[in-house]
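A short write-up of the structure that comes next.
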Amino acid sequence: MTAARTEASAPRGTARRRRIPVAYWLLLPGAFWLFLFFVIPFYSLLATSLYDPSGGAVSGYRMTWSFANYWHTLSDYVGPLGRSLAYGSIATAMCLLLGYPLAYAIAFKAGRWRNLMLVMVIAPFFTSFLIRTLAWKLILADQGFIVQTMQSLHLLDPGGRLLATPFAVVAGLTYNFIPFMVLPLYAALEKIDGRLLEAAQDLYASPLRAFLKVTLPLSLPGVVAGTLLTFIPAVGDYINAQLLGNTETRMLGNVIQSLFITVGDYPAAASLSMTLMLLIVALVYFYVHRSGTEELL
Amino acid sequence: MESDSIPAGRGAANDLRLEAVTKRFGDFTAVDDLDLAVTRGSFFALLGPSGCGKTTTLRMIAGLEQPTSGRILINGVDVAGVKPYRRPVNTVFQSYALFPHLTIAENVAFGLRRRGVRDVRRQVDEMLELVELRNQAEKKPNQLSGGQQQRVALARALINKPEVLLLDEPLGALDLRLRRQMQLELKEIQSEVGLTFVHVTHDQEEAMTMADTIAVMNRGVIEQMGSPEELYENPRTTFVANFLGHSNLIDAEIVGNTGPHVELNVHGNRISVDRARASVQQGRVWLGVRPEKVCISDASESVAAETNVIDGGTVSDVSFVGVSTQYLVRMPWGQELSVFEQNTGEHRLFARQTAVRLYWKPSHAFVLGHDQDARAGQEELR
């Protein structure tokens, strides 16, 4: 009896022992990739941010643990940093305001048009990010249809413009990132069981109340995922500010880009990058905790 | 919000009434010219196979579907066209439809809060006490078992003290043992709170255990309505005869129609049936008799006078169940009749191929019109 039991449990034991290495083998390519293109560059960026700022791209840098880099760059570029956060936040809010009704319509009202509408949400991705943003340059151009119409309707002063304004930058960001808002919202809304809404109605909730008490709370994971997917890239973006803005709308991304590529001040650029990254991580952590959707992290 | 709901009718009949209600989905008629009256405070069951229109009927009462035509009256007020959230009706859904993001207490409080009722906390506590879930109040629905979720769904509807409580196969997802237990609990709660319950089910045993009145539905119409005993003992259609329990339906012809009985010729045997139990009085008919009403004996045994006797049967199958023995008896005309004999010890067990005599009292059979399908309601059952 005992012998039989040990025999029976033996193969199970080996199976379990074998299963764990398989999982690790499967992780290996991804882990290798992340190590090569995330961990090493991250370490390199961190190290660069602490180099002696008096060095140069040509003469080379020395590691001096110069934490002062952070303080200096932050005080020099607090304006672009503030703009990054402001534009990113406004664009995220706009994406949510425009994206929620759209996702709701696709999930609940689109019927047989649902797939077509989803394809249309994704369709802009078939064109490059850069070309789409350049197209906005034409749309908002001084001689363009929109500016002319607004001027003739006296919504805009005769000399007023849309291009090269904060409005253009936020509009560009909103446009470029709205699919990242709509898709998670749609996924969350689509999962909601219609019978819950019937139950809410049966329990004296008007359609508006049913939305506020059932649909909205149940779609919250989608809202959180969507805002994160929109806010994080929008804050770090520099293409929109560069193509649609002016020198007064420079975001932190523009500063980092010019410090790295034009000026060649690597420690400053690296410390700004680290600052922005830490700031975003802190904001996201706070936001996710406040909205009670920790399971997303 | 309170003022939005339908006021209690004054002078009008205090009940739920459906008048000539029809519901069509495209070409399909789900409910066909249905009339129904449910007395206040009663436990009413709508029984029928899936697709018979019972759930559609329930959803129309709840306001989740609009009837194509007809009137739905609650306390004498026509509620057709009234939005579901303004009807004095609550539903226990088949899937329970508990709000996954709310705690049990919040789920139960949902209806009260929407109506802005005061002292929600105390009422929720009382209701959770009634369904024995007070210590689960702060859990989320997915932390409860199926039976507990079912009770939350019931509590969530009951707490609003609706004029009519609708139950849409609420026990369907539970296993047999739990279902039996919940049937008794539901019935107990209903008599405790005294609300009108309308219960939709395809389980005839469930309907018979719980309901005061059963309406048997088939293909969008009510086949028969009455107390469980009435439906079982005196079915008016072959569908009811087969859907509620088993019935032996035998081809027969009415030959005599005088006195307290109708006389039938059943493949050469003379059989009498109480007149009140014959829904047709002449011509070709179906003679129905429940298996447990049929007695089985040796061909030689003498039986009381005025008893219907048919000789010449042969036992073709026996299954001993313990409390009873179930026989299939092949009759001289080829049909197999089903006989359930209680294990009282009065008769010996008849083996296969034994020649037997079947007999039953005239008050234990019923007569149905021959224009109906003798197999109606059978395939849905098993």
Worksheet item: Between B:Asn142 and A:Ala23, what FRET efficiency comes out of the Förster formula 1/(1 + (r/R0)^6) with R0 = 25 Å and r the beta carbon distance, rounded to 0.05?
Response: 0.35
Discussion item. What does the structure give for A:192-200 when I average, per residue, the other chain Cβ atoms found within 10 Å of the residue Cβ?
Written reply: 6
Response to the item:
In chain A, taking the dipole from +1 charges on Lys and Arg beta carbons and -1 charges on Asp and Glu beta carbons about the Cα centre, the listed residue (A:Ile40, A:Thr133, A:Asn176) farthest towards the positive end is A:Ile40
Discussion item. So if each residue of separation counts as 0.36 nm, and I subtract the Cα-Cα distance between A:Ser54 and A:His289, what length gain in nm does that give?
Written reply: 80.5 nm
Worksheet item: What full-extension length gain, to one decimal in nm, is calculated for B:Asp27 and B:Ser50 as 0.36 nm per residue of separation minus the Cα-Cα distance?
Response: 6.4 nm
Worksheet item: If the label point is 7 Å along Cα→Cβ of B:Asp251, which residues in segment B:278-301 have backbone nitrogen under 19 Å from it?
Response: B:282-289
Worksheet item: What angle, in degrees between 0 and 90 and rounded to the nearest 10, separates the Cα long axis of helix B:120-130 from the longest principal axis of the Cα atoms of chain B?
Response: 20
Discussion item. If R₀ is 22 angstrom, what is the calculated FRET efficiency for the pair B:Ala20 and B:Asp373, using the beta carbon separation as r and rounding to 0.05?
Written reply: 0.25
Worksheet entry | Lys pairs under 19 Å by Cα in the protein assembly as shown, provided they are eight or more residues apart or on distinct chains | 11
Worksheet item: What is the local net charge at A:Val255, summed over the other residues whose Cβ is closer than 11 Å to its Cβ (Lys, Arg +1; Asp, Glu -1)?
Response: 0
Fill in: Residue-averaged 222 nm ellipticity for chain B, from DSSP H runs of 4+ at -39500 (n - 2.57), nearest 500
-6000 deg cm²/dmol
Response to the item:
Ordered by number, the GluC sites (Glu not before Pro) in segment B:80-137 that occupy a DSSP loop and have at most 14 other Cβ atoms within 10 Å are B:Glu132
Fill in: Charged-residue dipole, Cβ positions (Lys, Arg, Asp, Glu), segment A:78-296 about Cα centre, Debye nearest 20
340
Fill in: Shielding of B:114-121 by partner chains, average beta-carbon count, 10 Å
2
Worksheet entry | Förster radius 45 Å - calculated FRET efficiency between A:Arg195 and A:Leu279, Cβ distance, rounded to 0.05 | 0.55
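Take every Cα pair under 8 Å in segment A:33-120 that's 6+ residues apart, average their separations, divide by the length, and report that relative contact order as a whole percent.
Taking the mean separation of contacting Cα pairs over the length of segment A:33-120, I get 14 percent.
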Response to the item:
In a Gaussian network model of chain B with springs linking alpha carbons closer than 10 Å, the residue among B:Leu166, B:Leu358, B:Leu176 that fluctuates most is B:Leu176
Worksheet item: Which residue fluctuates the most in chain B, going by a Gaussian network model with Cα springs under 10 Å, if the choices are B:Leu165, B:Leu47, B:Leu128?
Response: B:Leu128
Worksheet entry | Contact order relative to length of chain A, as percent, for alpha carbon pairs under 8 angstrom and 6 or more apart | 26
Worksheet, complete the sentence: Taking alpha-carbon centroids only, segment B:120-189 lies from segment B:310-379 a number of Å equal to 42
Response to the item:
Once B:Arg134 and B:Val280 are pulled to full extension, the length gained, defined as 0.36 nm per residue separation minus their Cα-Cα distance, is 47.0 nm
Worksheet entry | Sum of side-chain charges, B:Pro100 neighbourhood, beta-carbon under 12 Å (Lys, Arg +1; Asp, Glu -1) | +2
Worksheet item: For the pair B:Ser316 and B:Leu184, how long in nm is the line joining their label points, each one 7 Å along Cα→Cβ?
Response: 4.0
Worksheet item: Got the relative contact order for segment B:214-276 handy, in percent, Cα pairs under 8 Å and 6 or more residues apart?
Response: 17
Worksheet item: For the protein assembly as shown, what is the largest minus smallest coordinate of the Cα atoms on each principal axis, given in angstrom and ordered from greatest to least?
Response: 125, 81, 50
Discussion item. Within 9 Å, Cβ to Cβ, of B:Ala20, how many net charges do the neighbouring residues add up to if Lys/Arg are +1 and Asp/Glu are -1?
Written reply: -2
Item to complete: In nm, give the distance between the simple-model label positions of B:Ser69 and B:Arg86, each being 7 Å from the Cα along the Cα-to-Cβ direction.
Response: 2.5
Worksheet item: If you take the charge dipole of the protein assembly as shown about its Cα centre, with +1 on Lys and Arg Cβ and -1 on Asp and Glu Cβ, which of B:Leu171, A:Pro158, A:Leu27 is farthest toward its positive end?
Response: A:Pro158
Fill in: Distance-filtered residues of segment B:269-300 - backbone nitrogen under 13 Å, label point 7 angstrom along B:Lys361 Cα→Cβ
B:274, B:293-295
Worksheet, complete the sentence: Low-density loop chymotrypsin sites (Phe, Trp or Tyr not before Pro), segment B:284-348, at most 14 other Cβ within 10 Å, DSSP non-H/G/I/E/B, are B:Trp333
Worksheet item: Just how large is the dipole of segment A:68-149 about the Cα centre, in debye to the nearest 20, putting +1 at every Lys and Arg Cβ and -1 at every Asp and Glu Cβ?
Response: 440
Worksheet item: Where the centroid of each part is defined by its Cα atoms, how far is segment B:205-227 from segment B:19-86 in Å?
Response: 15
Worksheet item: If you build a Gaussian network model of chain B, linking Cα atoms that sit under 10 Å apart, which residue out of B:Asp274, B:Asp32, B:Asp175 swings the most?
Response: B:Asp175
Discussion item. At 7 Å along Cα-to-Cβ for each site, give me the label-to-label distance between A:Ser128 and A:Ala110 in nm.
Written reply: 2.8
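Every number here is computed from the coordinates shown, using simple stated rules; none is lab data. Keep in mind the model is a prediction, meaning the values are calculated, not measured. A quick note on method: Cβ atoms are made from the backbone with ideal geometry, for glycine too, and the neighbour counts reach across all protein chains shown.
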